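Contents: one structure, followed by commentary.
The values are calculated or read from the model by the stated rules, or taken from the named source; none is laboratory data. Given the structure is predicted, the values throughout are model-derived calculations rather than measurements. Don't worry about glycine lacking a Cβ; one is built from the backbone with ideal geometry, like all the others, and counts go over all protein chains shown. Areas reflect the complete protein model, heavy atoms only, side chains present, ligands, DNA and RNA absent. Shrake-Rupley method; radii C 1.70, N 1.55, O 1.52, S 1.80 Å.
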There are 2 protein chains.
Amino acid sequence: MHHSAATLECQHALTYYNSPMIDDSPQKTRRCDLTRASILSAARERFATDGYERATIRAIAADAGIDPSLVMRYYGNKEGLFAAAAEFDLCIPDLSALPRPEVGASMVDYFLTRWENDESLQALLRAAATNAGALEQMRSIFTRQVTPMVAALCGDPESAPTRAGLISSQLLGFALCRYVLQLPPVVAMPRDEIVKWLGPTVQRYALGTK
Amino acid sequence: MHHSAATLECQHALTYYNSPMIDDSPQKTRRCDLTRASILSAARERFATDGYERATIRAIAADAGIDPSLVMRYYGNKEGLFAAAAEFDLCIPDLSALPRPEVGASMVDYFLTRWENDESLQALLRAAATNAGALEQMRSIFTRQVTPMVAALCGDPESAPTRAGLISSQLLGFALCRYVLQLPPVVAMPRDEIVKWLGPTVQRYALGTK
DNA sequence: GATGTTTGCCAACGTTTGTTGACATGCACC
DNA sequence: GGTGCATGTCAACAAACGTTGGCAAACATC
């Protein structure tokens, strides 16, 4: 239900928080920050399981144990809430130091952990099917994070967008089947088997030829 | 709720009026069949572009040029309408006669034409992200049509579900990126290039080893 | 303790949604 | 011509939605 503080600080840094012991300009943890965080946590869960339109502000507020009007006060409107809930960074690590034949497997492995630890990604995928804002954000992540990574990896700026598109099609497609559609055999696949099957595919899309 | 099986053929072709003088046995096409068809056509379009919740009965009725209450009379309720609009058969051809190394490419090619000619598939994919009925239908298609085909192809009933899941992840993922997310490089890919990239992947999932 | 700000709840709004039933018009058949 | 079904329109319903403004309590600051 609740995100641990550790998962939150990496991607969704709460800027108002600072540790009073170390920081010299102490700004005490205001109460509103707590409810803001609980709203955000509830919103992520609802958006992830219900999608954008079916996740109602009233339900999110009920999950967070507060009044719906508070959501409006803190996040303006529903779109603002979603934007805050789905804001995150893929934090793609630098794979160029790895031995070339291993990049495919590492990529699959990294994205798997990412998908399983961050509800925002599932929320974004579900919402992107119907919500324009989520769609735009998904495109933005593709352009600004995935494509540059692939370009740095394969060294060919011309084919990089296509390669990034192919990799996304496989990784997003697998996430779709495993987390959204929940096709039984895909859900049942153990992690190492996924890497063994998908690794070579991603490897070829990233560095290989048609 | 009820729908005549005759009007919902595989290609949902519009049957025209037939002249009563020549025609002896078949029943005349009643007016209601025309409006039913126009409702279904409008519904497919709306569901495909807007998803389940955002596609309103009122909008569909307006597109079809009739009153919203008629939709209820002919299809019971919104779920019934969606079920009728998304009902279809993949009509997977028999690929086992093909030379083994070509099955991957043919499969990609076949599914591409299917996706581009039938709005129902896009409607189903978009709706499956949020609607339980669409999700169940997607799972059913996977179990009853995709998995048996893969099983007949690879001859191994044990690994068939996993292989079918992998193939679905790639094909659905590509459809997601091309038709729903519309990632620019994926949209821009010409058909033969898609086959060249995806063909070997599907081939390995269907017949190869990890 | 008075004051102003924060934090929260409550009631209500205006709109949109799926859905219903009453009523009008066309068409077929005795 | 009149009866009966088929086809379609209109008005309205109840529920749910996002959203708003007012008001009560908690808190901080002097």
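Only one of the listed residues (A:160, A:188) is open to solvent by less than 10 Å² (accessible area, probe 1.4 Å) and in the same structural domain as residue A:117 (by TED's automatic domain parsing). That residue is A:160. Cβ-Cβ contacts under 9 Å between residues 6 or more apart (or on different chains), taken from a first residue in region A:65-83 that is open to solvent by 50 Å² or more (accessible area, probe 1.4 Å) to a second residue that is near DNA strand C (Cβ under 7 Å from one of its atoms), are listed as A:65/A:35; A:74/A:32; A:74/A:35. Picking from residues in region A:45-60 that are in a helix (DSSP H, G or I), crowded, with 21+ Cβ neighbours inside 10 Å and aliphatic (A, V, I, L, M), the one that is nearest to DNA strand C (Cβ to nearest atom) is A:60.
Might you let me know whether region B:103-118 holds any residue that is facing another protein chain (nearest Cβ under 10 Å) and either touching a Leu at 6+ places or on another chain (Cβ under 9 Å) or outside any loop (DSSP other than H, G, I, E, B) (or both)? No; the residues of region B:103-118 include none that is facing another protein chain (nearest Cβ under 10 Å) and either touching a Leu at 6+ places or on another chain (Cβ under 9 Å) or outside any loop (DSSP other than H, G, I, E, B) (or both). Among all positions in region A:91-101, there is at least one residue which is assigned to a helix (DSSP H, G or I) and away from DNA strand D (no atom under 16 Å from the Cβ). Listed by first and then second residue, the pairs with beta-carbon distance under 7 Å, at least 6 apart or on different chains, first residue in region A:38-64 and under 16 Å from residue B:128 (Cβ atoms), second more than 13 Å from DNA strand D (Cβ to nearest atom) and in a helix (DSSP H, G or I), are A:48/A:119; A:48/A:122; A:48/A:123; A:48/A:126; A:51/A:126; A:52/A:134. Condition check: within 16 Å of DNA strand D (Cβ to nearest atom), open to solvent by 50 Å² or more (accessible area, probe 1.4 Å) and within 24 Å of residue B:185 (Cα to Cα). Does residue A:132 satisfy that? Considered against the rule, which asks whether it is within 16 Å of DNA strand D (Cβ to nearest atom), open to solvent by 50 Å² or more (accessible area, probe 1.4 Å) and within 24 Å of residue B:185 (Cα to Cα), residue A:132 comes out as yes.
When the residues of region B:58-72 are filtered to those that are near DNA strand D (Cβ under 10 Å from one of its atoms) and not small (Gly, Ala, Ser), the one that is nearest to the other protein chains (Cβ to nearest Cβ) is B:58.
Among the residues of region B:73-83, is any in contact with a helix residue (DSSP H, G or I) (Cβ under 7 Å, 6 or more places away or on another chain), modelled with pLDDT of 95 or more, within 13 Å of DNA strand D (Cβ to nearest atom) and away from chain A (no Cβ under 14 Å)? Yes, some residue in region B:73-83 is in contact with a helix residue (DSSP H, G or I) (Cβ under 7 Å, 6 or more places away or on another chain), modelled with pLDDT of 95 or more, within 13 Å of DNA strand D (Cβ to nearest atom) and away from chain A (no Cβ under 14 Å). Scanning region B:61-79 for residues that are near DNA strand C (Cβ under 8 Å from one of its atoms), of a type outside the set (A, V, I, L, M, F, W, C) and outside any loop (DSSP other than H, G, I, E, B) yields B:68, B:69, B:73, B:78, B:79. Scanning region A:165-185 for residues being facing chain B (nearest Cβ under 7 Å) and either open to solvent by less than 20 Å² (accessible area, probe 1.4 Å) or in contact with a strand residue (DSSP E or B) (Cβ under 6 Å, 6 or more places away or on another chain) (or both) gives a total of 12.
In a residue-by-residue description of region A:110-126, the property of being under 26 Å from residue A:206 (Cα atoms) and small (Gly, Ala, Ser) applies to at least one position.
Annotation: of all residues in region A:84-101 being more than 17 Å from the chain's Cα centre (by Cα) and of a type in the set (Gly, Ala, Ser), the one that is surrounded by the most Cβ atoms within 10 Å (Cβ to Cβ) is A:96.
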